[in-house]
Amino acid sequence: MILTAKSIKERSLLGLKELAASEIESILDRASHWDKQEEKLVPVLASKFVANMFFENSTRTRFSFEMAEKRLGAEVLNFAAAASSVAKGESIYDTVRTLESMGIDAGVIRLKPEGVLAQLAEKVKVPLVNAGDGNNEHPTQALLDLYTMRQSFGSLKGLNVSIIGDIKHSRVARSNLWALQKLGANVTFCAPDMMKAPELEIHAPYISIDEALKADVVMMLRVQLERHDKGIDMKADEYRKRFGLTVERAAKLNPSTIIMHPAPVNRNVEIDDAVVESPASRIFPQMSNGVPIRMAVMERALL
Ligand code: NCD
Ligand code: ASP
């Protein structure tokens, strides 16, 4: 297939930090088009081959990409590192080059090591879509989060969004911060000291949990245990008491405040069980919204 009008770079989605506000908005608008579409299968990507390459675990992101690609009629190849030659030591680069050699038209990729995605994007000749890049960015998660906020509030301009939890290790916080700031929202963070990231390039004011809960959107994050090499100096119960969205805290939220979480949720640690299921929670709509968002992103990559 020859891609002409748009360059590979314009088709790829590596992060939101570098994406213009107008581009972000056009993806959200296109997702809204797909969301309204009653036909389950609209095969505009028929005969396009997409490889979903997950070098890190995933449930939601992987299945919603696959759902989105299949709804658009693409041919889908699923690659899971544990079942591949990566287990024998083959590098991410060689794995991606292998699939590229076989003729895929686009690759969706999730990986752990810092900086590898950017290097891959320089070398690979098909559009790449970031499905989670180490601690760095998770653009499609942030896009579906923005979409969910827009569904509740109409516009993001002037919206107050608090992101609470493991800011330091969260690619979700990064992508959301950059996109929300571009679209005119006010972002604040709340985190235990060991999960703050003052030295990193993400800048938003850190505030107390009581202050953070006054926002229009309260976005809770999972403690990314797998990324804490020195372990954590706080038991789950203490974390819940100090930073968790408990039933008691949720009762004090403004009636219009919505609760979000990218999932997987550690119930009764960062959010109480009953709060996950409460009317203010948008956690399951976020998962639903992942499909139209990823349809828009794959269409942008391939058409
Ligand atoms: C996040 C991720 O994998 O970065 N979740 C997701 O994609 N839905 C956050 C997390 O794992 O806590
Ligand atoms: N947060 C990851 C993802 O959505 C892991 C999971 O869902 O289980 O891909």
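Seen from every direction in turn and averaged, the convex hull around the alpha carbons of segment 94-150 projects onto 4.4 nm². Across segment 1-154 the C-alpha pair distances fall into 5 Å bins from zero in the proportions 2, 8, 17, 22, 23, 16, 8, 3, 1, 0 percent. Could you compute the longest span of the chain free of trypsin sites (Lys or Arg not before Pro) located in DSSP loops and having at most 14 other Cβ atoms within 10 Å, not counting the site residues? Within the chain, the longest run free of exposed trypsin sites (Lys or Arg not before Pro) spans 41-124. Amide H contacts under 5 Å for V129: L13, G107, V108, I109, restricted to partners 5 or more places along the chain or on a different chain, H placed in the peptide plane at 1.01 Å from N.
Based on alpha carbons, the Rg and Dmax found for segment 104-189 are 14.4, 42 Å. Here the sum of -39500 (n - 2.57) over DSSP H runs of 4 or more residues, divided by the residues of the chain, equals -11500 deg cm²/dmol at 222 nm, to the nearest 500. The 3J(HN,Hα) values that the Karplus relation (6.51, -1.76, 1.60; θ = phi - 60°) gives for segment 165-170 are, in residue order, x, 7, 4, 4, 9, 9 Hz. Gly and Pro appear as x. Normalising the average separation of contacting C-alpha pairs (under 8 angstrom, six or more residues apart) by the number of residues puts the relative contact order of the chain at 22 percent. Comparing E75, E122, E211 in a Gaussian network model of the chain (Cα springs below 10 Å), the most mobile by mean-square fluctuation is E122. Counted residue by residue at 0.36 nm each, then reduced by the alpha carbon distance between them, the extension gain from S47 to R242 reaches 65.0 nm. Computed over segment 207-295, the range of Cα coordinates on each principal axis works out to 38, 32, 24 Å, biggest value leading. Among the lysines of segment 187-272, pairs at least eight places apart or on separate chains and with Cα atoms under 23 Å apart come to 8. Suppose we keep just the DSSP beta bridges with both residues in segment 27-111; what percent of those would be antiparallel, to 5? Around 0 percent antiparallel, to the nearest 5.
Throw me the Rg/Rh for the chain, computed over C-alpha atoms with Kirkwood Rh, two decimals.
Numbers: Rg = 19.1 Å, Rh = 19.8 Å.
Rg divided by Rh gives 0.97.
Taken along the Cα-to-beta-carbon direction at a fixed 7 Å, the label points for K40 and M194 span 4.6 nm. Looking at the chain, what % of its DSSP beta bridges pair antiparallel, to the nearest 5? About 5 percent, rounded to the nearest 5.
Between L303 and Q119, what FRET efficiency follows from the Cβ-Cβ distance if R0 is 30 Å, with the result rounded to 0.05?
Step by step, r from the Cβ atoms, then E = 0.65.
Spread over its residues, the convex hull of the C-alpha atoms of segment 161-269 is 99 Å³ per residue.
Values quoted throughout were computed directly from the atomic coordinates according to the rules given, and no laboratory measurement underlies them. What you are looking at is a predicted structure, and each value in this text was computed from that prediction instead of being measured. Please note: Cβ atoms are built from the backbone with ideal geometry, for glycine as well, and neighbour counts cover all protein chains shown.
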